[in-house]
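The values are calculated or read from the model by the stated rules, or taken from the named source; none is laboratory data. What you see is a predicted model; the values in this text were computed from it and never measured. No Cβ is skipped: glycine too gets one built from the backbone with ideal geometry, and neighbour counts run over all protein chains shown. The accessibility values were calculated without ligands, DNA or RNA, using every heavy atom of the protein model including side chains. Shrake-Rupley method; radii C 1.70, N 1.55, O 1.52, S 1.80 Å.
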Amino acid sequence: EMIQAVINRLAGNSFMLKSWSITVVSALMALAAKDANERYALLALFPALCFWGLDAYYLHQERLFRALHDMISRHFGSPEHEQSVPLFSLNTAPVACTVNGWAKVLFSRTIVGVHGPIIALVLVVITVFAKIH
């Protein structure tokens, strides 16, 4: 139950990051369009990249805890369980080698499918402003 609670919190945080990313970047794009100021568009690139990295971090952590949950449920009640993971441990080190690293998760379909279009939109707006000015 403890591991499942952590997984649920990580999934919730990931969802909130996606919504914050869209909200913050949209607000900065609206300011850029309203004032015809490319600085807002450039500024929007920073939170878009930060939210992309944070979302990948949360997804990586979620995958680690899912792997830990799977390992514990596979070995629960057997003598191997006592040796593999101590009771009430949330240490993901024993399963770290079974999950893709943060850099691979950063470019996974799940992450790029959401944050890729946001960053692409920001880059298009920056390019349009550069051509206008």
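Some points to look at:
- The residues of the range 102-133 that are among the β-branched types (V, I, T), under 20 Å from W20 (Cα atoms) and surrounded by 14 or more Cβ atoms within 10 Å (Cβ to Cβ), listed by number, are V105, I111, V112, V114, I118, I119, V122, V125.
- For the range 17-36, the tally of residues that are of a type outside the set (F, W, Y) and surrounded by 13 or more Cβ atoms within 10 Å (Cβ to Cβ) stands at 13.
- Subset of the range 75-133 [at pLDDT below 75 and under 30 Å from L45 (Cα atoms)]: H133
- Residue pairs whose Cβ atoms lie under 9 Å apart, separated by 6 or more positions or on different chains, with the first residue in the range 6-25 and touching a residue at least 40 places away in the same chain (Cβ under 8 Å) and aliphatic (A, V, I, L, M) and the second open to solvent by 40 Å² or more (accessible area, probe 1.4 Å) and not in a helix (DSSP H, G or I), are V6/L90.
- Criterion violated by M71 - all others in (1) modelled with pLDDT under 95; (2) surrounded by fewer than 17 Cβ atoms within 10 Å (Cβ to Cβ) satisfied: (2)
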